[in-house]
1. Shielding by partners for A:345-357, please: the mean number of other protein chain Cβ atoms within 10 Å of each residue's Cβ.
2. Scan around B:Gly289 for amide H atoms under 5 Å from its own, H built in the peptide plane at 1.01 Å from N, and keep only partners 5 or more places away or cross-chain.
3. To one decimal in nm, how far is B:Leu339 from the same spot in the other copies, if labels go 7 Å from Cα toward Cβ? Please give the shortest first.
4. Label position 7 Å from Cα toward Cβ: report the copy-to-copy distances for B:Gln263 in nm, one decimal, ordered from shortest.
5. Just to be sure I understand: with springs between alpha-carbon atoms less than 10 Å apart, which residue in A:Arg309, A:Arg160, A:Arg214 has the highest mean-square fluctuation in the Gaussian network model of chain A?
6. What is the ratio of the Cα radius of gyration of the protein assembly as shown to 2.2 N^0.38 Å, where N is its residue count, to two decimals?
7. Given Cα pairs under 8 Å that are at least 6 residues apart, what percent is the relative contact order of segment A:254-412?
8. A:Lys201: which lysines have alpha carbons under 30 Å from its alpha carbon, excluding same-chain residues fewer than 8 sequence positions away?
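The values are calculated or read from the model by the stated rules, or taken from the named source; none is laboratory data. A quick note: this is a predicted structure, and the numbers were derived from the prediction, not measured. Don't worry about glycine lacking a Cβ; one is built from the backbone with ideal geometry, like all the others, and counts go over all protein chains shown. What goes into the accessible areas is simple: the full protein's heavy atoms, side chains included, and nothing from ligands, DNA or RNA. Shrake-Rupley method; radii C 1.70, N 1.55, O 1.52, S 1.80 Å.
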There are 2 protein chains.
Amino acid sequence: MIDDYIMTKPSIPKGTRDFGAIEMARRNYIFDTIKAVFAQYGFQQIQTPAMENISTLMGKYGEEGDKLLFRIQNSGEKANEAPEKGLRYDLTVPFARYVVQHREELQFPFRRFQIQPVWRADRPQKGRYREFYQCDVDVIGTDSLMSEVELIQIVEEVYRRLGLRVCLHLNNRKILAGIAEVIGAEDKLIDITTAIDKLDKIGTEAVNAELIERGLSAEAVEKMQPILSLSGSNEEKLAKIGQLLSASETGRKGVEETQTILQAAAALGVNLPVELDLTLARGLNYYTGAIFEVKALDVQIGSITGGGRYDNLTGIFGLPGVSGVGISFGADRIYDCLLEQNLYPESMLTGTQLLLTTFGQEELNWAMQVARELRQAGLRVEVYPEPCKMKRQMGYADAKQIPWVGIIGGDELAAKKVMLKNMASGEQELISIEDIIRSVNR
Amino acid sequence: MIDDYIMTKPSIPKGTRDFGAIEMARRNYIFDTIKAVFAQYGFQQIQTPAMENISTLMGKYGEEGDKLLFRIQNSGEKANEAPEKGLRYDLTVPFARYVVQHREELQFPFRRFQIQPVWRADRPQKGRYREFYQCDVDVIGTDSLMSEVELIQIVEEVYRRLGLRVCLHLNNRKILAGIAEVIGAEDKLIDITTAIDKLDKIGTEAVNAELIERGLSAEAVEKMQPILSLSGSNEEKLAKIGQLLSASETGRKGVEETQTILQAAAALGVNLPVELDLTLARGLNYYTGAIFEVKALDVQIGSITGGGRYDNLTGIFGLPGVSGVGISFGADRIYDCLLEQNLYPESMLTGTQLLLTTFGQEELNWAMQVARELRQAGLRVEVYPEPCKMKRQMGYADAKQIPWVGIIGGDELAAKKVMLKNMASGEQELISIEDIIRSVNR
């Protein structure tokens with residue numbers, strides 16, 4: 001009931017965004033491309049509610065994560081009690097909840113994708129928003145490594161279609177666990193990977209010092225050295241790691257899994273640089289096997305896609321022993337990469353192709369008829385809704401970058417023809433409706 | 001960080017829904033159809049954030065509406081203070097906020113559509129949810145009645161494509177205001193329309209009694225009688241109303257607007273039943289001209305699309321005098337109509353066309369290669385990720401209603417062929433990869 005006149009300077013909450021027409025066209029292009037690839041692999045879309053019970057969300061993202069949950073005030077009498085609902089923080093926990101809640105209806109292995117916004121009460125900064133879209137694809141209910149191989153193919157195909165050059169970084173949590181095991185520091189998995197992660201930036205000596213500082217024995221650090229100095233092809237590195245980890249069953253399993261994935265991808269002719277990367281340590285709290293990360297080769301922006309294998313995602317909701325693997329495409333960063341590399345195709349713009357402009361009410365009435373016929377032929381057509389000054393009508397076409405303008409005055413109306421103007425070349429021609437269709441579609 | 005094992009029976013907040021694969025396919029079909037029509041008329045998509053400042057939302061939906069806003073608890077130290085943010089309640093107020101906030105960047109008349117969820121803390125009941133999608137299309141920045149005519153064409157085209165028979169009910173707030181004026185009860189506009197609205201159900205005498213009860217004079221009720229007994233075609237009714245309202249400038253304007261809209265639609269050959277309906281009184285708090293409502297002819301479900309002309313939507317945010325007109329498609333009800341009428345086409349299902357099943361690891365490796373080639377040819381293909389019992393693999397195809405299954409055993413592998421089974425007929429045939437493409441595409 002909009003009848004008050006409250007003067008408010010309108011704005012939106014910090015960390016949130018409006019998406020205008022051009023941003024939406026670009027975002028739809030990215031999502032449509034990704035969805036088309038998912039469909040080719042038999043993944044089906046689901047959606048879950050923005051609000052989840054707070055008990056579904058709490059304790060799933062660590063103490064820090066709990067603080068970043070947006071909580072919904074209860075309505076009515078319970079307004080001052082602890083909130084019972086929160087906004088989803090990611091798509092992974094709602095997916096686990098969905099699988100457990102609907103397990104009787106689902107076919108396993110269950111292949112789903114999900115593209116929806118998530119909300120985090122993070123401090124907003126450049127590239128970090130309080131509302132952003134996630135785009136997740138997962139197979140759950142099988143431990144077959146062919147699922148990892150399929151996800152690699154999906155990464156290959158999505159970025160091939162988008163025209164963006166990327167490299168896929170591959171690791172395996174079992175290899176990291178094996179390293180910790182053979183150097184006698186099983187409880188220091190996170191410390192070890194955090195230190196290894198800095199190798200490129202600070203060099204071997206500083207990493208060694210950090211490992212000591214983090215409580216590793218001199219002997220353990222000594223045993224780490226061959227790991228830190230690995231070189232060669234993926235196969236060569238894996239062979240060396242295999243030797244170093246021969247005493248660890250977990251480590252051997254990790255090497256074997258990675259070999260299987262790499263060999264299968266190679267046999268399929270996957271045309272995507274894949275790099276074995278022991279410094280890749282994302283999601284160690286839940287990933288149990290392969291870990292993936294995709295980086296753009298020509299844009300400095302960090303990871304644009306990532307994921308991994310988890311053996312017990314649904315355990316938190318009472319359904320243990322269901323293994324799955326998934327990846328998430330980072331829409332905001334992909335958006336920026338395509339913009340920087342000028343990779344959005346013209347065809348992505350599905351804006352108006354032709355604007356009809358008129359000199360008077362009778363011409364406007366006929367323009368409505370012309371537009372109807374042109375739309376029936378599949379064109380995207382607007383009629384300027386008032387026969388106002390031609391300058392204003394043309395300015396509208398110009399500002400909206402509409403490529404064709406049809407001008408209808410008294411002569412055109414009498415001849416039942418339209419003066420069609422090509423806005424790029426400035427050329428114009430008096431033609432029939434059928435000829436308009438041919439010209440605009442050309 | 002999913003490492004705790006909290007046993008929770010998972011569920012979702014009341015009034016919210018999960019959408020599974022089949023629901024999503026149907027919903028996407030509806031939204032894609034509507035979006036394709038919007039694009040043909042040059043409407044561009046925008047999106048606004050789920051959260052708006054509470055000051056943007058409060059006071060816009062009446063006292064009842066304020067109570068139904070979902071409020072977001074502030075984070076950090078302000079947690080116990082009054083919430084500063086709320087979830088959007090509809091798409092209209094965020095649209096008005098968007099237009100005012102971005103007015104320098106926009107071209108007017110601004111033509112936008114928006115398809116996003118909204119949230120209301122309503123008591124959930126059959127067909128009423130706390131989270132549901134709205135699908136709004138508006139032209140703002142012109143008072144040309146050609147915009148009303150375009151919206152009528154959009155209604156015609158959307159339901160033509162969906163195959164649903166509908167009737168469009170048309171009214172005009174100025175006609176209702178004119179009636180109130182000529183019977184000398186200008187302050188009783190809402191009372192009059194509420195009573196008129198019951199005419200079909202309770203009859204003329206009961207309506208007259210109610211009008212008296214609501215404070216109209218006997219004279220005013222007497223003057224109402226010709227209005228209550230209107231009959232004939234839209235043109236005949238309009239002619240009679242025109243006479244009755246000749247003393248009211250507003251009333252005459254309403255009649256004239258309605259005549260213009262109906263005549264223009266008729267001249268264009270709009271193939272949609274349109275009924276002048278004085279009982280249509282939705283949105284009288286903000287609509288200032290035409291009022292629309294669309295009902296399905298073969299399904300009892302109420303209004304499935306509605307809207308109208310508003311002369312001052314952006315006034316609440318400090319930008320007065322901008323006229324617009326818009327309609328909203330009710331996705332949930334359209335969903336139910338199509339389901340009841342069995343109108344979802346087969347082609348809407350973009351699920352897997354072919355599942356490859358295997359008898360062993362070597363066969364599985366080759367199946368991955370076959371799938372890759374079939375996908376490159378455009379097919380939607382799954383590989384069952386484990387060479388487990390054939391019964392389980394076939395059961396999966398059956399349950400997911402995948403129409404074709406390719407069986408690969410040792411003989412097939414040796415011959416580099418696939419035993420292709422048509423799941424509907426049960427027929428199977430040993431064929432090459434190229435022949436699979438032909439068979440599945442046929």
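1. 2
2. Distant-sequence amide H within range of B:Gly289: B:Arg173, B:Arg309.
3. So the distances to the same position in the other copies read 4.0 nm.
4. 8.2
5. Top of the fluctuation ranking is A:Arg214.
6. 1.08
7. 15
8. A:Lys126, A:Lys174, A:Lys188, A:Lys223, A:Lys237, A:Lys240, A:Lys253, A:Lys295
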